[in-house]
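The values are calculated or read from the model by the stated rules, or taken from the named source; none is laboratory data. Here the structure is a predicted model, which means the values were calculated and not measured. Here the Cβ positions follow ideal geometry from the backbone for every residue, glycine too, while neighbour counts run over all protein chains shown. Keep in mind that these areas ignore ligands, DNA and RNA; they rest on the heavy atoms of the full protein, side chains included. Shrake-Rupley method; radii C 1.70, N 1.55, O 1.52, S 1.80 Å.
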Amino acid sequence: MRLTALSLVISALVLTACRSEPVDLGLMCGVDAEATVREASAIVYGAEIPAPQVRNAHPLAEADLLGLDIGDAERLGLLASDAGGGLYHRRCSDELLCTADDARKTLAACADKAGCKIVGAVRLGTFHPLYLADTDGGHVCAPRWQ
């Protein structure tokens, strides 16, 4: 009986330790959309890979980056969005750079939804935008550029 009680306590502790708390992400912005994407792409994919040219993403606001349930926000991962504003996070297979396979797997999470696009990356608790403009012609960093 003691062994069963002890195993239940250990199981509960393990489950509690595995749960992730919602995180608030910082925001990395360059001097404009092109510079932001270029800098983010170099951090996420490496400087030798051309920066993505994503447009018509679902509009994001800084408030959308608060309280996200994405697990470990310190590790490198990609964030996709769909036309309805759903966000989909996937950690990259490598801790230093994301690969094309990581991008495909991230997009697979929302492939059945309209407007599914990679909109950024998460690294060290910060969101790095990887899109040039949203469907409204804006950008999550636009308020900082004014």
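Ordering 58, 70, 126 by the projection of their Cα atoms onto the charge dipole of the chain, which places +1 on the Cβ of Lys and Arg and -1 on the Cβ of Asp and Glu, puts 70 at the extreme positive end.
The residues packed around residue 138, meaning those with a beta-carbon under 13 Å from its beta-carbon, carry a net charge of -3 if Lys and Arg are +1 and Asp and Glu are -1. Rg and Dmax over the alpha-carbon atoms of the range 95-146 stand at 12.9, 36 Å. When the convex hull of its Cα atoms is viewed from all sides, the range 18-146 shows a mean projected area of 7.4 nm². Heavy-atom accessible surface of the chain, averaged per residue, reaches 57 Å², computed with a 1.4 Å probe.
Among 31, 37, the sequence by solvent-accessible area, most first, with a 1.4 Å probe is 31, 37. Note on surface exposure: 45, 131 rank 45, 131 by accessible area, highest first, 1.4 Å probe. Among the protein heavy atoms of the chain, carbon and sulfur supply 57% of the accessible surface, probe 1.4 Å, non-protein parts ignored. The alpha-carbon positions of the range 21-71 define a convex hull whose volume is 98 Å³ per residue.
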